[in-house]
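Here the structure comes first, spelled out in structure tokens, and everything after it is commentary.
The values are calculated or read from the model by the stated rules, or taken from the named source; none is laboratory data. Everything quoted here is computed from the prediction, not taken from an experiment. A quick note on method: Cβ atoms are made from the backbone with ideal geometry, for glycine too, and the neighbour counts reach across all protein chains shown.
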Amino acid sequence: MGNDSYRVTRRIFGVGVFGAGVVASSLAGIAPARAQGTPKRGGTLVATWGGGEPQACYVPAGGGSSPTFSSSKLFERLGNRTMEGKFQGELAESWKPSADFKSYTIKIRKGVKFHDGKDMTVDDVVYSISEIWKKYAAASALTDFAGVAAPDAETVVMTFNTPIPEFFFSSLLCGNVNYIVPKHVYAGSDPVTNPANNAPIGTGPWKFKEWVRGSHFEYVKHDAYWRKDMPYMDRLIIRYVRDPAGRAAAMEAGDIHIGVFNPVAPPDIKRLTGTGKFVATPKGYEESVWSTTLECNMRNPIFAKREVRQAMFHAVDRSFIAKTVYYGYARPGTSPIYSPNKEFFTADTYKTGFDPKKAAALLDAAGFPKKADGKRFAVNLLAAGWFTENGKIGAYVKQALEDVGIAVNLSVPDRPTSIKRIYTDYDFDMAISNQANPSEPVPSTTQYFTTDGIKKGVPFRNANGYSNPEVDALVAKIKVETDPAKRKELVFQFEKIITVEAPLLPLVELESITVASTKVQNHSNDPNYLAATWYDIWLAS
Amino acid sequence: MAGELASSTASPRITRGSSRRVAALRLLRRRLIQAVPLMLGVVVINFVLIQLAPGSFLELMTAENQVSDPATIALLRKTYGLDDPVWLQLLKYIWALMRFDFGFSYRQNIPVIDAISVHLPATLLLMISSITLALAVGIAAGVVASMKVRTVWDTLVSVVAMFFFAAPGFWLGIMLIVLFSVKLGWLPVGGMATIGGASSGFAAVLDILHHLLLPTLALGLFYAAVYTRVMRSSMLEVAQLDFVRTARAKGLSRNRVTISHVLRNALLPVVTILGVQMGTVLAGSVVIESVFSWPGVGSLLFDSVSSRNYPVVLGIMVLGSLMVIAANIAVDLVYMWLDPRIEIR
């Protein structure tokens, strides 16, 4: 089955800055699934994703991709981002900063109703921001939040202790689970344990009907949805199939129409698209780019020397990982800001490309020559077991490091153990982990490198202990710089420093894939499609 | 228990008439008394094993909720009783169990018994249907093979049994899906019922049976293969015994001898294995439920282990053990019914 059989297009968000490499060539020349003809109304769409059932339909703090997927069809955010990268209002009609950028005025959309028939008001917005965002959904981003108030029935004003860049604020309004929740349902309760989390009431195009645990969610059309005559379809089913082969079979049998976030194994992508009944596309993940990272624990004196850290990356062939482990659905990573990020990615950074000789020379220069047994030193490499690919990469990295004289003890613990060992116990010398980063680098990306990102027991932060006053000061400037051009330049500086320092760098940027029946129209049209509302999706006859 | 039963058959005490009922009740009482320390052992061992596993549900929960505030974490530890020493947590758990309180699943925000009871019927249905299939096919195939010993039928049965014995459940499940769901389109790929289909009445029953067929085959055919092999050898062994020869000498037909005399006695080893395998059928359902998206306890157990949702894991272990104990008691009673000469000690 050759590449000709693909019916997909790869139109990477922010393309052109960094070569798409292997993936681009394997998916080139393929048309996207786009709306064809007049949308058909009615019917049921069955969707799945490449993971398991959530712990709750809605988790105020996010809770991972699964509850984000299930809740994002029921709730809505104030803002949204288009595939072209523009911010647009969703439950907000508009927003604008004050002259000093310390407050933002948000005009709230009128005529929006919750699923229980009650009107959405500014009180719901104020409650959501102060009680849900600040405490759970966006706590790490709202460190300089001063307050929120509603001066009139259509306006909400958010104030901050420091100037807040417009891009940061707009990104905040579009945050994955920065929803507007009904105050009348959540006020006076613990939002984390509120029973409504398992049968949410939102403003979204889909209304919760049923959760058959272990099987599926059933949502029905929200008849009072504010977007006129939307959604097109009557029902949306989110079905959970644990096994990727089972998902592929269910799609092939016509039981599932669309699967997001790598629903099937790479060989099945080729098989399914080869039938002509399915399309596969990497579109729809531009605002949530995943990577597989390698980090060095600075608490180990060996890694205190920058040359040693650089050598670790020079010893590893990232292209090999992309081709072999990810079947080409990945590309080598070069910077802490990923290549699809058209605002902040720069290719002008220090390159830690595959060069074993350079790695050996750096290790020699750092004072770690090969001993009589051919080894320089030994490290414990932990590959986080939440993705099976991490274990395979771990096996390869072990070989690659042994080739330059480093003895490696590899372990691949399961998810809870990995989280504990990496983020609570710091029990690793090197770790293979994963990140999913949006375009706005603060704090999602920067917290892996700043001193204030070192928070014992909090995962997906700075676990390697890297602390550099220069980086801290730079990130502090990025946080408050309101001139877009100057801010971009500061982020470029950040990237240059981090690539030279190399405490943590991406090995590969992952190519997330959506697989859909050719009948499914208007899909993959949001840069964070897993978390989009899917209000305009429809099924052709 | 079944093992003890097998050894006791070496010195059977002959019982007859109404004394059989008394013996059965005595057995039931004895088994129930024995079940108490057994359950206690199950609870203690599982509790300790779970405590030994690295990572906790609290760590995972705070991770997923990005909670970093030490005061909040301390409050959560206190709320969930994790501040208590392990032995006190165990005692509290046992005390709660004695009041049929299986604890609370903080991850799902519902009582453990509710979390399990949502999934339990699906697993019981799958287990019962698989065991029924395994017994029916295994006994029938074993009888045929023994009656046609050293013929092409015997060889065919043996080869097919060996195939299903060797085939991993998950592989067999996927192959069944590919053949019957994807290629032929006869049966659904997974799930327990058609989403949005009939929720009650005969149509709903038919719909569930339609969904049940493939997982039942995937889980049951392995055990059918086991029973086939055991039944065949047991039939051949019993057929050599004196009382069978006597029955033949009395002029009874071959079928009458086989069914009334050989089959009934040959069933004893199958019944013994059935009791022993109840636990493995439950374990096997974890894999099969995953392949077929069957909304049973297996899926819940898998998720709960992955998320260190200890209360649910323990609850499933306790209920699973209770099921196995109950099944073994039933097997002992069936054993007595099959062979009236035996009183199990």
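Just a few scattered comments:
- Check on A:Arg242, among the basic types (Lys, Arg) and part of a helix (DSSP H, G or I): no
- Qualifying residue in segment A:444-451 (condition: in contact with a strand residue (DSSP E or B) (Cβ under 9 Å, 6 or more places away or on another chain), at positive phi, crowded, with 20+ Cβ neighbours inside 10 Å and away from chain B (no Cβ under 12 Å)): no
- From the options A:Pro191, A:Pro200, residue that is buried (at least 19 other Cβ atoms within 10 Å of the Cβ), in contact with a Cys (Cβ under 7 Å, 6 or more places away or on another chain) and assigned to a loop (DSSP other than H, G, I, E, B): A:Pro200
- For segment B:250-308, the tally of residues that are assigned to a loop (DSSP other than H, G, I, E, B) and either touching a Phe, Trp or Tyr at 6+ places or on another chain (Cβ under 7 Å) or surrounded by 21 or more Cβ atoms within 10 Å (Cβ to Cβ) (or both) stands at 6.
- Whether a residue is at pLDDT 95 or above and farther than 30 Å from A:Trp206 by Cα was assessed, and A:Pro301 passes this test.
- Subset of segment B:180-228 (residues that are farther than 21 Å from A:Phe217 by Cα, within 14 Å of chain A (Cβ to nearest Cβ) and among the hydroxyl-bearing types (Ser, Thr, Tyr)): B:Ser181
- When the residues of segment B:154-179 are filtered to those that are away from chain A (no Cβ under 13 Å) and surrounded by 18 or more Cβ atoms within 10 Å (Cβ to Cβ), the one that is nearest to B:Pro215 (Cα to Cα) is B:Phe164.
Listed here are the residues, each with its yes/no results for (1) within 12 Å of chain B (Cβ to nearest Cβ); (2) of a type in the set (S, T, N, Q); (3) in contact with a Lys or Arg (Cβ under 7 Å, 6 or more places away or on another chain).
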{"residue": "A:Arg239", "(1), (2), (3)": "yes, no, no"}
{"residue": "A:Arg242", "(1), (2), (3)": "yes, no, no"}
{"residue": "A:Arg247", "(1), (2), (3)": "yes, no, no"}
{"residue": "A:Met251", "(1), (2), (3)": "yes, no, no"}
{"residue": "A:Ile256", "(1), (2), (3)": "yes, no, yes"}
{"residue": "A:Thr281", "(1), (2), (3)": "no, yes, no"}
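- Residue check for A:Ile478: under 17 Å from the mean Cα position of the chain (by Cα), among the aliphatic types (A, V, I, L, M) and closer than 28 Å to A:Tyr179 by Cα: no
- Of all residues in segment B:305-321, those satisfying the criterion of being in contact (Cβ under 8 Å) with a residue 24 or more places away in the chain and either more than 16 Å from B:Phe47 (Cα to Cα) or facing chain A (nearest Cβ under 10 Å) (or both) are B:Ser307, B:Arg308, B:Asn309.
- Filtered residues of segment A:268-310 (kept if in contact with a strand residue (DSSP E or B) (Cβ under 8 Å, 6 or more places away or on another chain), assigned to a helix (DSSP H, G or I) and closer than 20 Å to A:Gln447 by Cα): A:Phe303, A:Arg309
- Some residue of segment A:250-257 being among the charged types (D, E, K, R), in a helix (DSSP H, G or I) and free of Cβ contacts under 8 Å to residues at least 40 places away in the same chain: yes
- Pair list, Cβ < 7 Å and 6+ apart or interchain, from segment B:277-298 residues that are under 15 Å from B:Met175 (Cα atoms) and within 12 Å of chain A (Cβ to nearest Cβ) to residues that are surrounded by fewer than 24 Cβ atoms within 10 Å (Cβ to Cβ) and acidic (Asp, Glu): B:Ser290/A:Asp243; B:Val291/A:Asp243
- Failed item in (1) loosely packed, with under 15 Cβ neighbours inside 10 Å; (2) part of a loop (DSSP other than H, G, I, E, B); (3) at pLDDT 95 or above, with A:Gly147 passing the rest: (2)
For (1) within 14 Å of chain B (Cβ to nearest Cβ); (2) surrounded by 15 or more Cβ atoms within 10 Å (Cβ to Cβ); (3) in contact with a His (Cβ under 9 Å, 6 or more places away or on another chain); (4) modelled with pLDDT under 95, each residue gets a yes or a no:
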{"site": "A:Ala366", "(1), (2), (3), (4)": "no, yes, no, no"}
{"site": "A:Glu389", "(1), (2), (3), (4)": "no, yes, no, yes"}
{"site": "A:Asp403", "(1), (2), (3), (4)": "no, no, no, no"}
{"site": "A:Arg421", "(1), (2), (3), (4)": "yes, yes, no, yes"}
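- Members of segment B:91-112 found to be away from chain A (no Cβ under 14 Å) and surrounded by fewer than 18 Cβ atoms within 10 Å (Cβ to Cβ), listed by number: B:Leu91, B:Lys92, B:Ile94, B:Trp95, B:Ala96, B:Leu97, B:Met98, B:Arg99, B:Phe100, B:Asp101
- Residue in segment A:45-60 that is assigned to a loop (DSSP other than H, G, I, E, B), modelled with pLDDT under 95, surrounded by 21 or more Cβ atoms within 10 Å (Cβ to Cβ) and polar (S, T, N, Q) present: yes
- Residue in segment A:475-487 that is within 14 Å of another protein chain (Cβ to nearest Cβ), in contact (Cβ under 8 Å) with a residue 12 or more places away in the chain and part of a loop (DSSP other than H, G, I, E, B) present: no
- Counting only strands (runs of 3 or more DSSP E) wholly contained in segment A:72-134, the ones carrying 1 or more residues that are over 26 Å from the mean Cα position of the chain (by Cα) and modelled with pLDDT of 95 or more occupy A:92-97, A:103-108.
- Scanning segment A:189-230 for residues that are modelled with pLDDT of 95 or more and either on the phi > 0 side of the Ramachandran plot or more than 14 Å from chain B (Cβ to nearest Cβ) (or both) yields a total of 15.
- Filter result for A:Thr451 (within 26 Å of A:Glu166 (Cβ to Cβ), among the polar types (S, T, N, Q) and modelled with pLDDT of 95 or more): no
- Of everything in segment B:38-65 that is under 28 Å from the mean Cα position of the chain (by Cα) and within 14 Å of another protein chain (Cβ to nearest Cβ), the residue that is surrounded by the fewest Cβ atoms within 10 Å (Cβ to Cβ) is B:Leu52.
- Filter result for A:Phe101 (under 23 Å from A:Lys455 (Cβ atoms), touching a residue at least 12 places away in the same chain (Cβ under 8 Å) and surrounded by 15 or more Cβ atoms within 10 Å (Cβ to Cβ)): no
- The residue list A:Trp206, A:Trp226 contains one member that is within 28 Å of B:Ala115 (Cβ to Cβ) and touching a residue at least 12 places away in the same chain (Cβ under 8 Å), which is A:Trp206.
- Subset of segment A:368-419 (residues that are over 30 Å from B:Ser307 (Cα atoms), part of a helix (DSSP H, G or I) and without any contact (Cβ under 8 Å) to a residue 40 or more places away in the chain): A:Gln399, A:Glu402
- Of the criteria (1) surrounded by fewer than 17 Cβ atoms within 10 Å (Cβ to Cβ); (2) within 14 Å of chain B (Cβ to nearest Cβ); (3) not in a helix (DSSP H, G or I), which one A:Val458 fails: (1)
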